[in-house]
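Enquirer: Structure below; questions to follow.
The values are calculated or read from the model by the stated rules, or taken from the named source; none is laboratory data. No experiment lies behind these values; they were computed from the predicted model shown. Positions of Cβ are generated from backbone atoms using ideal geometry, with glycine treated the same way; all protein chains shown enter the neighbour counts. These area figures cover heavy atoms from the full protein model, side chains too; ligands, DNA and RNA do not enter into them. Shrake-Rupley method; radii C 1.70, N 1.55, O 1.52, S 1.80 Å.
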Number of protein chains: 2
Amino acid sequence: MFGIVKKKPVEKLTEALGKEKVKEDTVNRRLYSYDATPIPIQRAMPSAVVFPESHEDVVKLVKVCYEEGIPIFPRGAGSGLTGGAVPTLEKGVVVSFERMNKFEVNVDNATAEVQPGVITAQFQDYVERLGLFYPPDPSSFKYSTLGGNIAENAGGPRCLKYGVTREYVLGLTAVIKEGHTIKTGNPVIKDVAGYDITKLLVGSEGTLGLITSATLKLIPKPKARATALALFNNLEDVGKAVTRILTSGLFPSALEFMDEDAIRAVEDYKPVGLPRVEALLLIEVDGTHQSVLEDIKQVEELLKPMGVEVITAKSKEQEEKLWSARKSLGPALGNLRSGKINEDIVIPRIYLSEAIREFREVARKYDLLMVIFGHIGDGNLHVNLLYDKSKTEEEERAERAVDEVFEVALKYNGSITGEHGVGLTKKKFLKSQFGEVGYELLKGIKLLFDPKNLFNPGKVVEV
Amino acid sequence: MFGIVKKKPVEKLTEALGKEKVKEDTVNRRLYSYDATPIPIQRAMPSAVVFPESHEDVVKLVKVCYEEGIPIFPRGAGSGLTGGAVPTLEKGVVVSFERMNKFEVNVDNATAEVQPGVITAQFQDYVERLGLFYPPDPSSFKYSTLGGNIAENAGGPRCLKYGVTREYVLGLTAVIKEGHTIKTGNPVIKDVAGYDITKLLVGSEGTLGLITSATLKLIPKPKARATALALFNNLEDVGKAVTRILTSGLFPSALEFMDEDAIRAVEDYKPVGLPRVEALLLIEVDGTHQSVLEDIKQVEELLKPMGVEVITAKSKEQEEKLWSARKSLGPALGNLRSGKINEDIVIPRIYLSEAIREFREVARKYDLLMVIFGHIGDGNLHVNLLYDKSKTEEEERAERAVDEVFEVALKYNGSITGEHGVGLTKKKFLKSQFGEVGYELLKGIKLLFDPKNLFNPGKVVEV
C-alpha cells in the first residue's frame with residue numbers, strides 16, 4: 001500500500017484563497033517577519049504571507065487556520081514598536097491587510113466605512129478636504145494603517161483634546177474563532193445596547209480576531225490653529241503651568257513637553273534657535289481665526305506672572321519652525337547614538353517632576369543618555385534611552401534600565417504604555433498593572449474570542 | 001434529636017454588615033422595588049435593602065451573596081427607564097449606594113475620584129466652580145447618581161460634542177464574583193495596556209459587578225455659550241441643515257430637534273411663542289465670548305439660503321426662553337395624556353426623515369398620539385407614545401407599537417437604545433441587534449465576571 005501524501009496546512013490556505021493571495025517564497029516570508037521594534041525580540045520566519053482582498057477572504061483564511069491549527073499574525077504597516085505585528089512561530093502565517101485599503105465617507109452622517117489597510121494620513125487628508133476631521137495622530141500616521149491604529153488604540157499629541165482612536169470607532173466587522181463574523185456597533189454616536197464589544201476589540205492588538213471593516217466617527221474640522229512656545233527655567237513649574245492653562249477655560253489641541261536634553265539634541269542636530277532652558281512646552285490651540293489669537297494671548301497672560309517666557313508664532317513659517325523642533329526630535333536622537341529605546345509610559349501629570357527625577361536616576365545608575373519628551377497634557381511621556389548599537393553590553397544595560405522605567409511609572413499610578421501597546425516587549429509587566437484577578441479576566445476574554453489561541457498568540461496576555 | 005435552625009441567607013448579611021446597613025422592613029423593601037420605568041415590568045419585593053458605606057462593605061456583601069446564592073440588584077437613584085434597578089426575585093437584595101456619596105477632585109490632574117452614590121449635578125456644580133467641566137448630561141442629572149450614569153453609560157444633548165459617560169471614565173474599582181476586587185485603568189487619559197475592562201464595565205448595567213469607585217476625566221470649562229433656534233417648514237431640510245453646520249467648521253455643543261407635535265405640545269402647555277412649523281432645531285455653541293457670537297452668526301449665514309429662519313437669543317433671558325421650550329417638553333407631554341412611553345432609539349441622521357415617516361405610520365396603525373424630539377446631531381431620537389393610563393387597551397396598544405418602533409430603528413442600521421440602556425424592557429431586542437455569535441460573546445463575558453449569575457440577574461443578557 002502506498003502512503004497518502006498529507007497536504008501541508010498552508011496548501012489548504014492556497015486552495016481556499018488562490019496562489020495570488022498566499023506567498024510562500026523566502027523574500028516575502030523574510031520581509032514580513034519584522035516590525036519597527038527597536039530591541040531584539042522573539043521572531044520567526046512565517047510559513048507564508050497571506051494578502052486577503054475582502055471580508056470573505058478573511059473568513060476563508062480564519063476557517064482554514066482554525067481547522068488546521070495555524071497561528072495568525074495580523075499586520076498593518078508594521079510600524080509598531082512593541083512587536084505586535086511580528087510572527088513568533090514558524091508554522092504561523094502573517095496576514096497583511098495592504099490590499100484591503102478602500103474607504104467610503106458619508107459626509108451627511110459624519111462617518112466613514114474603512115478597510116484595515118487604509119493609510120491613516122491619506123484618510124485624514126481626504127476627510128479634511130470635505131470639512132471633516134479624524135483627529136488620532138500617531139507619529140507614524142504617514143505610513144501607519146487605520147487597522148493597525150485600531151488594533152493598538154493609537155494616539156498622539158491631539159489626544160489631549162480629542163481623545164484616542166477608541167473614541168472614533170463606532171462599529172467594527174471582525175472575524176473571530178472558526179471564521180465567525182461579528183458586527184458590532186452602528187454608524188451612530190450613541191449606542192448603549194449590551195456590553196461594548198467594539199471598544200473591547202479596539203486596542204486588543206489582533207489577539208481577539210481580525211478586523212475587516214470599521215465605522216469611524218468624524219467631527220467638524222477646526223477652522224484655525226495657533227502655536228506658542230513656553231520656556232521654563234524650572235522643571236517644577238511645568239506642571240503648575242499646565243494646570244493654570246487647563247483651568248482657565250482654554251482647551252489646547254496639543255501640549256508638548258521637551259526636557260533640556262531634548263532641547264540640546266535638537267539644537268545640536270538642526271538648530272532652530274531654542275534657548276537652553278530646563279524644559280519647554282509647545283502649546284497649540286484650535287478654533288476660529290479670532291478665538292485662537294485670543295487664546296494664545298491668554299496663554300501669555302497666564303504664564304508671564306510665573307516668570308515663564310512665551311514666544312508666539314506670528315506667521316505660518318514661525319509656527320512651522322516651532323513645530324519643527326518637536327518633529328526633528330526623532331532624527332536628532334538618531335544623531336546622538338545609533339540605538340534608541342523609546343518608551344511611552346504614562347504618569348498622572350501631578351507626579352511629573354518627581355517621576356522625571358527618578359527616570360534620571362535610572363539613567364545615571366545604568367550610565368546611559370536619556371532624553372524625555374511627550375504629550376504632557378495627558379501624562380504620556382516618551383522616555384528615550386540612547387545607546388551605541390555596536391556595544392552589546394550597552395544595549396543590554398539599556399534593556400535593563402527600561403524595566404526600571406516601567407516600575408517608576410507603575411509606582412506613580414501610571415501605565416506601562418500610552419500609545420505603543422503591549423505586544424511582546426511589555427507582556428511581563430501587564431500582570432503587575434492588572435493584578436491577579438484582572439489578568440484572569442483578560443485571559444478569559446481572550447479565550448472567549450479565540451479558544452485555540454491562534455490570533456497573534458503570545459502577544460498581550462499569555463493563556 | 002433536635003433539628004438545627006438554619007439561618008436565613010439575609011441574616012448572614014446582617015451579621016457581616018450590621019443592622020444599620022441591612023433593612024428588612026416592609027416599607028424599605030417596597031420603596032426600593034421600583035424605578036422610573038413607565039411600563040409594567042416584572043418586579044418583586046426584595047428580601048432586604050442593603051446600604052453599604054465603603055468598598056469593604058461591598059466586598060463583604062458580595063462574598064455573602066456569592067456563598068448564599070443571593071441575587072444582587074444594585075441601585076443608584078432609581079431614575080432609570082428600562083427597569084435596570086428593579087429587583088425581580090424575592091430572595092434577592094437591593095444594594096443602594098446612597099451612603100457612598102463622597103468625591104475628591106484633583107484640579108492639577110484634572111481628574112476626580114468618585115463614589116457611586118454622588119449626585120451628578122452636585123458633582124458638576126462643584127467642578128465647574130474650579131474651572132473644570134464634566135459634560136455628561138442625562139436629563140435626570142439633578143437627581144441621578146454617577147454610579148447609575150456609569151452603569152447605564154448615560155448621555156444627553158452635549159454628547160454630540162463631548163461624548164458619552166464612557167469617555168470620561170478613566171478607571172474603576174469594582175467588586176466581582178466571590179467578592180474579588182478589580183482595579184482598572186488609572187488617573188491618566190492614555191492607557192493602552194491590555195483589553196479595556198474599564199470601558200466594558202461602563203454601560204454593563206450592574207450585571208458584571210458592583211462599582212465602588214470611579215476615576216473621572218475632567219476637561220476645561222468653556223467660557224461662554226450661545227443659542228439659536230432654526231425653524232423648518234420642511235422636515236427633509238433638517239438633515240441637510242445639520243450636515244451644512246457640521247461641515248462648516250462649527251461644532252455645536254447641542255443640536256436639539258423637535259417635531260411639529262412636540263412644538264404644539266409645548267405651546268398648548270406653556271406658550272413661549274414658537275411658530276407652528278414642521279420642525280425646529282435648537283442650536284447651542286460654546287467657546288470664548290467672541291467665538292460663540294461669530295459661530296451663531298455663521299449658523300444664520302449657513303441656514304438663511306435654505307429658507308430657514310434663525311432666531312438668535314440676544315440676552316440670557318431670551319436664551320433661557322428658547323431652552324425652556326425644550327425643557328418643558330416632559331411636563332407638556334404629561335399634560336396631553338396621562339401615560340407616556342419615551343423610547344430613546346438611535347438612527348443614523350441620514351435616515352431621519354424616512355424613519356420619522358415610518359414612526360408616524362406606526363402611530364397611525366395603533367391609533368396613538370406620538371411626539372418626537374431628541375438629540376439630532378448624534379441621531380438619538382426620543383419617540384414618545386402617549387396614551388391614557390386609565391385605558392388598559394390603549395396602554396397595550398402603546399406597548400405593541402414600541403416593538404415596531406425598535407424594528408424601524410434596527411432596519412435603518414440604528415440602535416434600540418442611545419441613553420436608557422437595555423435593562424428588562426429591551427432585552428428581547430438585543431439578540432437581533434447583536435446576532436447569534438455576538439450574543440454568545442455577551443453571555444460569555446457575563447459569566448466570566450459573574451459565573452453564578454447573581455449580579456442584576458435577568459437584565460441585559462439571559463444566561
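Enquirer: Along its three principal axes, how long is the range B:9-96 when you only count alpha carbons? Whole Å, largest extent first please.
Expert: 37, 23, 22
Enquirer: Can you pull the mean other chain C-beta count within 10 Å for peptide A:410-421?
Expert: Details: counts 2, 0, 3, 6, 6, 8, 4, 5, 7, 3, 1, 3.
That works out to 4 on average.
Enquirer: Simple spin-label model, 7 Å along Cα-to-Cβ: A:Asp388 to B:Glu301 in nm?
Expert: 6.2 nm
Enquirer: Can you divide the C-alpha Rg of the range A:208-367 by 2.2 N^0.38 Å and report the result to two decimal places?
Expert: Cα-based Rg divided by the globular estimate yields 1.17.
Enquirer: Shortest first and in nm with one decimal, please list how far the A:Glu128 label point sits from its counterparts in the other copies (point 7 Å along Cα→Cβ).
Expert: 3.5
Enquirer: Which of the three applies to the range B:234-295, rounded, prolate or oblate, going by the alpha-carbon gyration tensor with a ≥ b ≥ c and a/c under 1.5 meaning rounded? Can you show the working numbers first?
Expert: On the way: a/c = 3.32, a/b = 1.60, b/c = 2.07.
Taking the square roots of the gyration eigenvalues as a ≥ b ≥ c, the range B:234-295 is oblate.
Enquirer: If I model a spin label at A:Lys8 and B:Lys91 as a point 7 Å from the Cα along the Cα→Cβ vector, what separation in nanometres do I get?
Expert: 5.9 nm
Enquirer: Please report the orientation-averaged projected area of the range B:1-159, defined via the convex hull of its C-alpha atoms, in nm².
Expert: So the Cα hull casts an average projection of 11.5 nm².
Enquirer: Cα centroids of the range A:1-61 and the range A:324-403: how far apart, whole angstrom?
Expert: Answer, in whole Å: 37.
Enquirer: Just for chain A, what percent of DSSP beta bridges are antiparallel, to the closest 5? Spell out each step's value before the answer.
Expert: Values: 60 of 68 bridges.
Once the DSSP bridges in chain A are tallied, antiparallel ones form about 90 percent.
Enquirer: A:Glu90: net charge of surrounding residues, Cβ under 15 Å, Lys/Arg +1, Asp/Glu -1, itself excluded? Please list the in-between numbers first.
Expert: Working: positive: A:Lys8, A:Arg29, A:Arg30, A:Arg43, A:Lys91; negative: A:Glu24, A:Glu68.
Value of the local net charge: +3.
Enquirer: Follow-up question, since we're still on this one. For the range A:99-220, what does the relative contact order come out to in percent, with C-alpha contacts under 8 Å and a separation of six or more?
Expert: Numbers: 237 pairs, mean separation 37.0, N = 122.
It rounds to 30 percent for the range A:99-220.
Enquirer: Ok, one more. Longer than 31 Å from Cα to Cα, which of A:Lys199/B:Lys142; B:Lys23/B:Lys183; A:Lys443/B:Lys190; A:Lys304/B:Lys316 are they? Say none if no pair is. Please report the intermediate quantities before stating the final value.
Expert: Values: A:Lys199/B:Lys142 29 Å; B:Lys23/B:Lys183 29 Å; A:Lys443/B:Lys190 22 Å; A:Lys304/B:Lys316 34 Å.
Over 31 Å apart, Cα to Cα: A:Lys304/B:Lys316.
Enquirer: With the label 7 angstrom out along Cα to Cβ, how close does B:Asp403 come to the same site in each of the other copies, in nm, nearest first?
Expert: Label point to label point, same position, other copies: 6.3 nm.
Enquirer: Mean Kyte-Doolittle of at least -0.5 plus a Cα span of 18 Å or more along the axis: flag which DSSP H helices in chain A meet both, please.
Expert: Numbers: long enough: A:55-68 (20 Å, -0.23); A:289-303 (22 Å, -0.31); A:352-365 (20 Å, -0.70); A:392-411 (29 Å, -0.85); A:427-449 (23 Å, 0.12).
Once both thresholds are applied, what remains is A:55-68, A:289-303, A:427-449.
Enquirer: What ranking do B:406-415, B:384-393, A:446-455, A:411-420 get when scored by the average of other Cβ atoms within 10 Å per residue, highest first? Write out the running numbers ahead of the final one.
Expert: On the way: B:406-415: 20.9, B:384-393: 16.9, A:446-455: 19.4, A:411-420: 24.9.
The peptides rank, most packed first, as A:411-420, B:406-415, A:446-455, B:384-393.
Enquirer: Find, to one decimal place in angstroms, the Kirkwood hydrodynamic radius of the range A:135-229, where the mean of 1/r is taken over every pair of different Cα atoms and then inverted. Show your work: numbers first, answer last.
Expert: Working: mean 1/r = 0.0698 Å⁻¹.
After inverting the mean inverse Cα-Cα distance, the result is 14.3 Å.
Enquirer: Still on this structure, please answer the following. Under a point spin-label approximation (7 Å from Cα along Cα-to-Cβ), what is the A:Tyr269-A:Glu128 distance to one decimal in nm?
Expert: About 2.2 nm separates the two model spin labels.
Enquirer: Still on this model: Under the rule of -39500 (n - 2.57) per DSSP H run of 4 or more residues, summed and divided by the residues of chain B, what mean residue ellipticity at 222 nm is obtained, to the nearest 500 deg cm²/dmol?
Expert: Numbers: 15 runs with 168 residues, N = 463.
Result for chain B, helices only: -11000 deg cm²/dmol.
Enquirer: If you bin every alpha carbon distance in the protein assembly as shown into 10 Å steps from zero, what whole percent lands in each bin?
Expert: Per 10 Å bin, starting at zero, the Cα-Cα P(r) for the protein assembly as shown comes out as 2, 12, 21, 24, 21, 13, 5, 1, 0, 0 percent.
Enquirer: Something else: In percent, what relative contact order does the range B:224-328 have, based on Cα pairs under 8 Å that are 6 or more apart in sequence? Kindly include the intermediate steps, with their values, before the conclusion.
Expert: Numbers: 155 pairs, mean separation 46.7, N = 105.
Relative contact order for the range B:224-328 comes out at 44 percent.
Enquirer: While we're looking at this one, here's another question. Of the peptides A:219-227, B:25-33, B:163-171, B:270-278, how do they stack up when ordered by the mean number of other Cβ atoms within 10 Å, highest first? Walk me through the intermediate numbers first.
Expert: Values: A:219-227: 19.1, B:25-33: 15.1, B:163-171: 23.7, B:270-278: 13.3.
For the peptides A:219-227, B:25-33, B:163-171, B:270-278, the packing ranking is B:163-171, A:219-227, B:25-33, B:270-278.
Enquirer: Mind checking which aspartates and glutamates have their Cα closer than 17 Å to the Cα of B:Lys8? Skip sequence neighbours fewer than 8 apart in that chain.
Expert: Qualifying aspartates and glutamates at Cα under 17 Å: B:Glu24, B:Asp25, B:Glu67, B:Glu68, B:Glu90.
Enquirer: On to the next question. Using Cα pairs under 8 angstrom and six or more residues apart, how large is the relative contact order of chain B, in percent? Walk me through the numbers on the way to the answer.
Expert: Details: 960 pairs, mean separation 71.2, N = 463.
In percent, rounded to a whole number, it is 15.
Enquirer: Please work out the average accessible area per residue across the range B:9-96, using the 1.4 Å probe convention, and give it in Å². Don't skip to the answer; put the middle values down first.
Expert: Numbers: 3580 Å² over 88 residues.
Result: 41 Å² of accessible area for each residue.
Enquirer: Please name whichever of B:Leu61, B:Thr14, B:Pro40 sits farthest to the positive end of the charge dipole of the range B:1-76, dipole taken about the Cα centre and charges placed at Cβ: Lys and Arg +1, Asp and Glu -1.
Expert: Positive-most Cα among the choices belongs to B:Pro40.
Enquirer: Let me ask another. Using only the alpha-carbon atoms of the range A:337-452, report the extent along each of the three principal axes, biggest first, to the nearest angstrom.
Expert: Here the spans come out as 45, 36, 21 Å, largest first.
Enquirer: Assuming R0 = 60 Å, what is the FRET efficiency of B:Glu309 and A:Arg43, from their Cβ-Cβ distance, to the nearest 0.05? Present the calculation step by step, with values, prior to reporting the outcome.
Expert: On the way: r = 66 Å, r/R0 = 1.10.
Here the calculated transfer efficiency is 0.35.
Enquirer: Can you pull the mean other chain C-beta count within 10 Å for peptide B:243-251? Please report the intermediate quantities before stating the final value.
Expert: Values: counts 6, 2, 1, 10, 9, 4, 12, 5, 6.
The mean count of partner-chain Cβ atoms within 10 Å per residue comes to 6.
Enquirer: Determine the sum of side-chain charges near B:Phe434: Lys and Arg each +1, Asp and Glu each -1, restricted to other residues whose C-beta is under 14 angstrom from that of B:Phe434. Intermediate values should be presented prior to the final figure.
Expert: Working: positive: A:Lys183, B:Lys426, B:Lys427, B:Lys428, B:Lys431, B:Lys443, B:Lys446; negative: A:Asp191, A:Asp196, B:Glu436, B:Glu440, B:Glu462.
Once all neighbours under 14 Å are counted, the net charge is +2.
Enquirer: Let me ask something else about it. For B:Phe449, what is the net charge nearby, where nearby means another residue's Cβ is under 12 Å from its Cβ and Lys, Arg count +1, Asp, Glu -1?
Expert: Net local charge, B:Phe449 excluded: +1.
Enquirer: While we're here: On alpha carbon coordinates alone, what is the Rg over Rh value for chain A, Rh being the Kirkwood radius? Could you put the intermediate results ahead of the total?
Expert: Numbers: Rg = 23.2 Å, Rh = 23.4 Å.
Using Cα coordinates only, the ratio equals 0.99.
Enquirer: Further question on the same structure: To the nearest whole number, what is the average tally of beta carbon atoms from other chains within 10 Å of the beta carbons of peptide B:157-164?
Expert: The per-residue average across the peptide is 2.
Enquirer: Tell me, in nm to one decimal, what length is gained between A:Arg276 and A:Val107 on full extension, where the rule is 0.36 nm per residue of separation less the Cα-Cα distance?
Expert: On the way: separation 169, 0.36 × 169 = 60.84 nm, distance 4.70 nm.
Computed gain between A:Arg276 and A:Val107 is 56.1 nm.
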